[in-house]
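Undergrad: Here it is, the structure, as C-alpha cells.
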Amino acid sequence: MKAFGFAAILVSVCAMAACKVGDGTGSGGAGGDGDGGSGASDTTSTTSGTGGEGGEDSGTGGEGGGDECSGLEAEACTTCCSEAHSSEVEVFTELTYVYCGCSATSRCAAECDTTDPTTDVCGDDGSVNLAVDNPNCETCVAEESSTGTCYDDAYTACGEEADCQALTDCSDKCE
C-alpha cells in the first residue's frame, strides 16, 4: 500500500534533517525461546524477530529492517518507516520533485525549473536542488503529488533504486 503522503514526507525530512539514523542493516539474531531473537542493528532502535509457530522451541531472528513498522496503525506506520529510513526519505523527496516538479510534462515545471539560480530547483543534469528557496515550487509539488500521477511515478522509482527501496518495502506493509 502506498501509504505515504507528501506532507508526511516533508515533515519527516524537516524533522530528521539534523538526526542520523542507520540503515537498519545487520545480521539476524539467534533464535529465542519461542518469542524470537532480536536482530542486530547499527541504529538505536531494536527490531524483534517473529516468534516460533506451534510450540517450536526457537523463533526466527529479525533481519534488522524490514518489519519494524508493520502492525502499526497507518499513520504511526508511515511515521515509523520515515524515521527508520530517513536517508531513503530524502531520496524519495528528491524523486518526488523530479517527477512532480521538474518533469517537462509537470504542471509545476514553470514554478520549479526557473532560470534564476536562487529559485531553480531543477538541475540541467536531472538532479534537484532542494536548498533553494522556492515556496511556489514547494506548494505546487505538494498539490501535484497529492492529486496527480507523478507521486505514483516517484514511488515506483523509489522502489527500483537500491538507496530508496527499503522505504517502499516498509511502507508497503502499512495498512
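Bear in mind that the values in this text are calculations on the coordinates, not laboratory data. Being a predicted model, the structure only gives us computed values, none of them experimental.
Undergrad: Report the full-extension gain for the segment D133 to A76: residue separation times 0.36 nm, less the Cα-Cα distance, to one decimal in nm.
TA: Details: separation 57, 0.36 × 57 = 20.52 nm, distance 3.01 nm.
So the chain would gain 17.5 nm between D133 and A76.
Undergrad: So if I restrict to the alpha-carbon atoms in region 86-171, what is the Rg, and what is Dmax, the biggest pairwise distance, in Å?
TA: Considering region 86-171 through its Cα atoms, Rg and Dmax are 12.3, 38 Å.
Undergrad: Please state the relative contact order of region 86-171 as a whole percent: Cα pairs under 8 Å, 6+ residues apart?
TA: Reported as a whole number, the value is 35 percent.
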